[in-house]
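What follows is a set of notes on a single structure, which appears directly below.
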């Protein structure tokens with residue numbers, strides 16, 4: 001009697017464990033589907049910044065510019081380095097401005113100030129610039145201080161940041177596939193265990 005009771009308890013626990021695993025997998029898949037149905041905020045940046053200007057000489061300094069030029073709000077990081085071994089330092093009163101204009105000139109040039117980041121290994125200025133449309137934009141960066149000034153320019157392709165719901169679903173498809181495969185494997189394993197337990201129970205009788 002004690003063995004039958006323990007066997008019944010083991011069966012209940014096994015069924016409960018299997019059900020819990022199935023519910024957990026199902027909840028994970030539902031969470032991924034819900035994430036695909038939620039719109040991505042327009043201000044979200046897709047991907048890290050990338051260099052749009054490298055090793056550009058402006059006055060006595062070398063300038064490097066990284067950007068994430070997205071429709072909505074684009075970010076710019078301007079790094080200023082003195083020549084190695086020159087003993088020069090970036091002036092404390094250095095002002096950096098970023099001016100942008102569509103290459104088509106459908107809008108007048110707009111200028112934005114920057115703020116200086118407190119970094120130990122280099123001097124970096126940062127700003128956020130609004131872009132209203134996906135197209136090529138001309139970017140002009142000006143530098144000015146009491147002892148040095150200059151400017152540099154380049155063109156960048158402004159790209160959209162908003163992934164549509166279907167695009168986001170396509171992005172999640174590999175994860176959905178993994179979840180479905182895991183769910184099927186768990187179901188097959190659970191079915192095999194039930195058959196083995198049923199066979200053992202039939203043999204015991």
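When 140, 116 are screened for being in a strand (DSSP E or B) and more than 20 Å from residue 159 (Cα to Cα), only 116 passes.
Checking 91, 130 one by one, the residue that is farther than 20 Å from residue 54 by Cβ, more than 30 Å from the chain's Cα centre (by Cα) and surrounded by 11 or more Cβ atoms within 10 Å (Cβ to Cβ) is 91 and no other.
Of the residues making up segment 60-76, at least one is more than 30 Å from residue 174 (Cβ to Cβ), modelled with pLDDT of 85 or more and assigned to a loop (DSSP other than H, G, I, E, B).
Within segment 149-171, if we keep just the residues that are outside any strand (DSSP E or B) and at pLDDT 80 or above, the residue that is surrounded by the fewest Cβ atoms within 10 Å (Cβ to Cβ) turns out to be 160. Just so you know, in segment 133-148 the residues that are more than 19 Å from residue 103 (Cβ to Cβ) and in contact (Cβ under 8 Å) with a residue 60 or more places away in the chain include one that is surrounded by the most Cβ atoms within 10 Å (Cβ to Cβ), and it is 143. Just one of 118, 105 is surrounded by fewer than 14 Cβ atoms within 10 Å (Cβ to Cβ) and at positive phi; which is it? Just one listed residue meets the conditions, 105.
The values are calculated or read from the model by the stated rules, or taken from the named source; none is laboratory data. Since the structure is predicted, the reported quantities are computational estimates derived from the model, not experimental observations. Neighbour counts run over all protein chains shown; Cβ positions are idealised from the backbone, glycine included.
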